[in-house]
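Note sheet for the following structure.
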Amino acid sequence: MQIMDFLAADAIKLSLESKTKKDVIKELVEQLVKSGKVKDKKKMVQTLMEREELGSTGIGQGIAIPHGKSDTVSDLAAAFGLSADGISFDSLDGEPVNIFFLLVAPEGAAGAHLKALARISSLLKDKYFRKSLLSAKTPEDVVKIIQEEEKLKH
């Protein structure tokens, strides 16, 4: 499984405007609505916020991977966002988050959902990869950086 199999290139936003956890989730879900991946924005945001209440998806080192399963999506899909200033996200290390991968999956897709989460997490463990993402200037840069990293890790 490759990240670009489910990351919509038109759901990459390099300058998130949000300042709060809920707003950044809304902003990234909006990207998936625009790319035709999510049918019901309000319901998807609610699902993701309910997941956050179980425990923050801010995993530390400036990374958050908000995720959830919902009948508002028919396929595994992800949005990517960067925040130059960082957003408070109740992360495990208490640090603000700069790199966001928002992952959504259909209700019955637990296997694919977990595989995708593991794939994203393993790539983001690499400090050089995170630095490269933070320096991306265009969505095309993000796609290229991810593809190059996946070639190395394959």
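For this structure, a couple of remarks:
- The lone exception for residue 80 - which of (1) modelled with pLDDT of 95 or more; (2) over 16 Å from the mean Cα position of the chain (by Cα); (3) closer than 14 Å to residue 7 by Cβ it fails: (2)
- Answer residue from region 123-134, given it is without any contact (Cβ under 8 Å) to a residue 60 or more places away in the chain and in contact with a helix residue (DSSP H, G or I) (Cβ under 8 Å, 6 or more places away or on another chain) and is nearest to residue 10 (Cα to Cα) among those: 133
- Qualifying residue in region 26-40 (condition: among the β-branched types (Val, Ile, Thr), at pLDDT 95 or above and within 18 Å of residue 89 (Cα to Cα)): yes
- Residue tally, condition in a loop (DSSP other than H, G, I, E, B) and touching a Leu at 6+ places or on another chain (Cβ under 6 Å), over region 26-43: 0
- Helices (runs of 4 or more DSSP H) contained in region 100-154 and holding at least 1 residues over 25 Å from residue 22 (Cβ atoms) and aromatic (Phe, Trp, Tyr): 127-134
- For residue 91, the requirement of being out of contact with any Asp or Glu (no Cβ under 7 Å at 6 or more places or on another chain), modelled with pLDDT of 90 or more, crowded, with 17+ Cβ neighbours inside 10 Å and part of a loop (DSSP other than H, G, I, E, B) is met.
- If the condition is being on the phi > 0 side of the Ramachandran plot and in a loop (DSSP other than H, G, I, E, B), then region 44-83 contributes 55, 61, 62.
- Note on region 1-41: residues that are more than 13 Å from the chain's Cα centre (by Cα) and within 14 Å of residue 76 (Cα to Cα) total 9.
- Residue 16 vs. criteria of a type outside the set (Asp, Glu), touching a helix residue (DSSP H, G or I) at 6+ places or on another chain (Cβ under 9 Å), crowded, with 17+ Cβ neighbours inside 10 Å and within 15 Å of residue 98 (Cβ to Cβ): yes
The values are calculated or read from the model by the stated rules, or taken from the named source; none is laboratory data. Note that the structure is predicted; figures quoted are calculated from it, not measured. Backbone-built Cβ (ideal geometry, glycine too); neighbour counts: all protein chains shown.
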